[in-house]
Amino acid sequence: MDALPSIIEKINKSLEACTSARDQALVHARAITRHAANAIRATHRGEVDLAQEHIEETRKLAVELKSNLHEFPDLYFAGYTQDALKEFCEASLTFAIIENKPLPNPATLGVENATYLNGLAETVGELRRRCLDILRQGYSNEAERLLSCMDDIYSSLIIMDYPDAVTNGLRRQTDLVRGIVERTRGDLTISLR
């Protein structure tokens, strides 16, 4: 029992460091989510420079988050952390597709594969929004291009037949993507007629 105070002191210091890292990760996650949302908003408004600024700020925060949690992998893989990084992916992918630029890959974004795939799935909703904005002006080949991108995303996601524990719920997201793509195809068909 003589060693108990020393053991407790080490545990206390470790838990203090973990709590501090968690608190900082929550701040970073909120900032990442905020900048990603602003990037998507700017992308839809055609404010390319502003969208790129928000994406770059989000990238810096994501790198810092990952670095700060290097010693705390359980925090890095926590839901709120990966959700924020998913938003970063969604903003980056939405911008790239709408601006017809090359898609960044998971390594370029510095994210896990499952996080990237979930961000890709959520991108489809933003592409639908863009298609509907275009269709309000009348039918356009750009809406067709975006629908084709949505189809490609769905075709890629549907083959990811892995357990939810590995993909963080991708199967459910893929089902939602299918519905979004089908509704968008119907909207484009009606607009064309």
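Using θ = phi - 60° in the Karplus curve 6.51 cos²θ - 1.76 cosθ + 1.60, the 3J(HN,Hα) couplings for segment 62-74 round to 5, 5, 5, 4, 4, 5, 5, 9, 3, 7, 10, x, 5 Hz; x is entered for Gly and Pro.
Would you list Arg145, Arg172 from the most to the least accessible area, probe 1.4 Å? Could the numbers behind the result be given before it?
Values: Arg145 55, Arg172 155 Å².
Ranked from most to least accessible, the order is Arg172, Arg145.
By average Cβ neighbour count within 10 Å, what is the ranking of 152-163, 103-114 from highest down? Could the numbers behind the result be given before it?
Details: 152-163: 13.7, 103-114: 15.8.
Result, highest mean Cβ count within 10 Å first: 103-114, 152-163.
Leaving out ligands, DNA and RNA, what percent of the accessible area of segment 74-184 is carbon and sulfur, probe 1.4 Å? The partial results should precede the final answer.
Values: 2620 of 5260 Å².
For segment 74-184, the apolar C and S fraction of the accessible surface comes to 50 percent.
Surface listing: Thr58, Thr33 arranged by accessible area from highest to lowest gives Thr33, Thr58, probe 1.4 Å. Here is how the number arises for the chain: DSSP H runs of 4 or more residues each give -39500 (n - 2.57), the sum is divided by the residue count, and the result at 222 nm is -28000 deg cm²/dmol. Cβ-Cβ distance of Tyr162 and His70, R₀ of 35 Å, FRET efficiency by 1/(1 + (r/R0)^6): the value works out to about 0.85. Projected label points at Arg172 and Asn113, each 7 Å from Cα along the beta carbon direction, are separated by 2.2 nanometres. Going by Cα centres, segment 1-50 and segment 122-168 are how many Å apart? If we compute the Cα centre of each part, the gap is 31 Å. For Rg and Dmax of the Cα atoms in Å, the value computed from the atomic coordinates appears in the list (i) 20.1, 84; (ii) 16.4, 54; (iii) 30.0, 115 under label (i). Considering only alpha-carbon pairs that sit under 8 angstrom and 6 or more positions apart, the relative contact order computed for the chain is 18 percent.
Here the Karplus curve 6.51 cos²θ - 1.76 cosθ + 1.60, taken at θ = phi - 60°, turns the phi angles of segment 134-143 into couplings of 5, 5, 4, 8, x, 5, 8, 5, 5, 5 Hz, with x standing for Gly and Pro. Solvent-accessible surface of the chain, averaged per residue with a 1.4 angstrom probe and all protein chains in place: 56 square angstrom.
Taking a straight line from the alpha carbon of Lys60, these lysines sit under 25 Å away, with near neighbours fewer than eight places off in the same chain left out: Lys86, Lys101.
The values are calculated or read from the model by the stated rules, or taken from the named source; none is laboratory data. Quantities reported herein were computed from a predicted structural model and do not represent experimental measurements. Backbone-built Cβ (ideal geometry, glycine too); neighbour counts: all protein chains shown. Note: accessible area is taken over every heavy atom of the protein model, side chains too, but ligands, DNA and RNA are not part of it. Shrake-Rupley method; radii C 1.70, N 1.55, O 1.52, S 1.80 Å.
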